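The values are calculated or read from the model by the stated rules, or taken from the named source; none is laboratory data. Keep in mind it's a predicted model, so treat the numbers as computed, not measured. In this analysis, Cβ positions are derived from the backbone assuming ideal geometry, glycine residues included, and neighbour counts consider all displayed protein chains.
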Amino acid sequence: MAVDKRGRKLPKGIQQRYNEFEGRFMHQGKSYLVHGKTITETQKKMEDLRYKLRHGIFVEKEKVTLTEWNKTWMEEYKKNRVKIGTYINYEKYYQSIIKDRMGGKYISDIRGEHIQKLYNDLVKEGYALSSIKIVAAVLNGCFQQALRNGLVERNPVKLAELPRQTEKKSRQAMTKEQQALFMEYAKESYLYNFFAVMLRTGMRNGEMRGLKYTDIDKKAKVIHVQRTLKLIEGVGYMEDTPKTIASRRDIPLTGDIIYLLDAQRKYWGFKVEKMDRYLFCNEDGGPLSRERVQGEIDRVIRRIRAAGSEFDRITPHVFRHTFATRAIEAGMKPQVLKTILGHSSLAMTMDLYSHVLPDTKGEEMEKIANVF
């Protein structure tokens, strides 16, 4: 006889799996399975199913594989409800990670332990927790809709636990000295204005590359951040809405930002009628790729190193963190910084504060040293 997690005997045909109970019985040589949150609920479901079987009113659920159902879920329930970038991302993760591992299984046969094994295997294969969370989001959404549609009796994703968060890497930001050094050696770069504006606004890489001169509102003295560039495999670069609702925002313009944006508008010598062109583009007026931006950062760093200075490799996102760091050091209020960065929650902004403030807490303590 089976026992629960506390060692208590369970009724015949019932066993505990994770945080729910599973009831199994035979009818005319065929095994049937039900699930419930409690023993009583499971027993009730077993009785109901037995009644339906005895009276010939039970209709067996259609056997649908995960890949078949995921295709329906994506096309009918997600395509017109999420950003194109999110849709493409979900499809990419399903095809590259989920499909070969469990796509052929019937959704009604997938249990919590199957999902847990998938997570555990991905950890062993070296996948980042952020990637595993996207896999979990795809599966959870897929099964939740299947549950609403009556295709499964429970959502097995709810029964699995994500891996523990490993120690976070510290956020990387340039010091004031590093920032000045980088910009000094970037003066001859065709992306000098790009780097300078990113340091003064904290805009994301994709937002910078999707910026048009028509987004610059000199009268209101703001930059309207209203798109980002996404690379869609097999299609090329496409415009998408910013990362979150909060990311669609206005960033105040300062005099030096206006100067840099005007200088960039004239950089390639494009005509006035091409004002709807991407402001930061390649020499042909086409969109900048992530690779070109990173490549130019790497070239600047090589020049710095060749001159005898040490400088770690950085990515475009470091410019965003550097802006946030300078803003915090200057005393910008968290709620204001949240709005400028386009964070979806204040907690994300406060995470930056927790990174920056420990470096200055000694100086802050000195300010009150003479109070006592």
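Within the stretch 4-39, work out how many residues are out of contact with any Pro (no Cβ under 7 Å at 6 or more places or on another chain), surrounded by 10 or more Cβ atoms within 10 Å (Cβ to Cβ) and under 19 Å from residue 159 (Cβ atoms).
Residues that pass the stated criteria total 19.
Would you confirm, using the coordinates I've provided, whether residue 1 is part of a loop (DSSP other than H, G, I, E, B), aliphatic (A, V, I, L, M) and more than 41 Å from the chain's Cα centre (by Cα)?
Values: part of a loop (DSSP other than H, G, I, E, B): yes; aliphatic (A, V, I, L, M): yes; more than 41 Å from the chain's Cα centre (by Cα): yes.
Criteria met by residue 1.
Looking at (1) modelled with pLDDT of 85 or more; (2) loosely packed, with under 12 Cβ neighbours inside 10 Å, can you tell me which one residue 278 breaks?
It fails just one condition, (2).
Does residue 304 count as surrounded by 14 or more Cβ atoms within 10 Å (Cβ to Cβ), among the β-branched types (Val, Ile, Thr), modelled with pLDDT of 95 or more and within 17 Å of residue 175 (Cα to Cα)? Write out each step before concluding.
Values: surrounded by 14 or more Cβ atoms within 10 Å (Cβ to Cβ): yes; among the β-branched types (Val, Ile, Thr): yes; modelled with pLDDT of 95 or more: yes; within 17 Å of residue 175 (Cα to Cα): yes.
In short, yes.
Taking the stretch 72-121, which residues are hydroxyl-bearing (Ser, Thr, Tyr) and part of a helix (DSSP H, G or I)?
First, the residues of the stretch 72-121 that are hydroxyl-bearing (Ser, Thr, Tyr): 72, 77, 86-87, 90, 93-94, 96, 106, 108, 119.
Matches in the stretch 72-121: 72, 77, 86, 87, 90, 93, 94, 96, 108, 119.
It is to be established whether one or more residues within the stretch 255-265 are in contact (Cβ under 8 Å) with a residue 12 or more places away in the chain and loosely packed, with under 12 Cβ neighbours inside 10 Å. Give the derivation first.
First pass over the stretch 255-265, keeping only residues in contact (Cβ under 8 Å) with a residue 12 or more places away in the chain: 256-258, 260-261, 263-265.
This time we only want the ones that are loosely packed, with under 12 Cβ neighbours inside 10 Å, so: 256.
The answer is yes; a qualifying residue exists.
Here is a yes/no grid of residues against (1) touching a residue at least 60 places away in the same chain (Cβ under 8 Å); (2) surrounded by fewer than 14 Cβ atoms within 10 Å (Cβ to Cβ); (3) not basic (Lys, Arg):
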site: 313; (1), (2), (3): no, yes, no
site: 318; (1), (2), (3): yes, no, yes
site: 323; (1), (2), (3): yes, no, yes
site: 326; (1), (2), (3): yes, no, no
site: 333; (1), (2), (3): no, yes, no
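Would you confirm, using the coordinates I've provided, whether residue 83 is among the basic types (Lys, Arg) and in contact with a Ser or Thr (Cβ under 6 Å, 6 or more places away or on another chain)? Outline the logic, then answer.
Details: among the basic types (Lys, Arg): yes; in contact with a Ser or Thr (Cβ under 6 Å, 6 or more places away or on another chain): yes.
For residue 83, the condition - among the basic types (Lys, Arg) and in contact with a Ser or Thr (Cβ under 6 Å, 6 or more places away or on another chain) - is met.
Report yes if some residue within the stretch 53-62 is of a type outside the set (A, V, I, L, M, F, W, C), assigned to a helix (DSSP H, G or I) and modelled with pLDDT of 85 or more; otherwise report no.
So the first thing to find is which residues in the stretch 53-62 are of a type outside the set (A, V, I, L, M, F, W, C), and the list is 54-56, 60-62.
With assigned to a helix (DSSP H, G or I) added as a condition, the list becomes 54.
Those still in the list that are modelled with pLDDT of 85 or more too: 54.
Yes: one or more hits.
In the stretch 7-23, how many are outside any strand (DSSP E or B) and among the charged types (D, E, K, R)? It would help to see each step written out before you state the result.
The initial filter retains those residues of the stretch 7-23 that are outside any strand (DSSP E or B), namely 7-8, 10-13, 18-19.
With the extra rule that they be among the charged types (D, E, K, R), the set shrinks to 8, 12.
Count: 2.
Table: residues versus (1) among the basic types (Lys, Arg); (2) within 30 Å of residue 314 (Cβ to Cβ).
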residue: 121; (1), (2): no, no
residue: 140; (1), (2): no, no
residue: 143; (1), (2): no, no
residue: 153; (1), (2): no, no
residue: 190; (1), (2): no, yes
residue: 193; (1), (2): no, yes
residue: 197; (1), (2): no, yes
residue: 200; (1), (2): yes, yes
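What number of residues within the stretch 100-132 are under 20 Å from residue 74 (Cα atoms), among the basic types (Lys, Arg) and surrounded by fewer than 15 Cβ atoms within 10 Å (Cβ to Cβ)? Break it down into steps so the answer makes sense when it comes.
So the first thing to find is which residues in the stretch 100-132 are under 20 Å from residue 74 (Cα atoms), and the list is 100-108, 110, 115, 131-132.
Of the ones still in play, those that are also among the basic types (Lys, Arg) are 101, 105.
The next check asks that each one be surrounded by fewer than 15 Cβ atoms within 10 Å (Cβ to Cβ); those that pass are 105.
Residues in the stretch 100-132 being under 20 Å from residue 74 (Cα atoms), among the basic types (Lys, Arg) and surrounded by fewer than 15 Cβ atoms within 10 Å (Cβ to Cβ): 1 in total.
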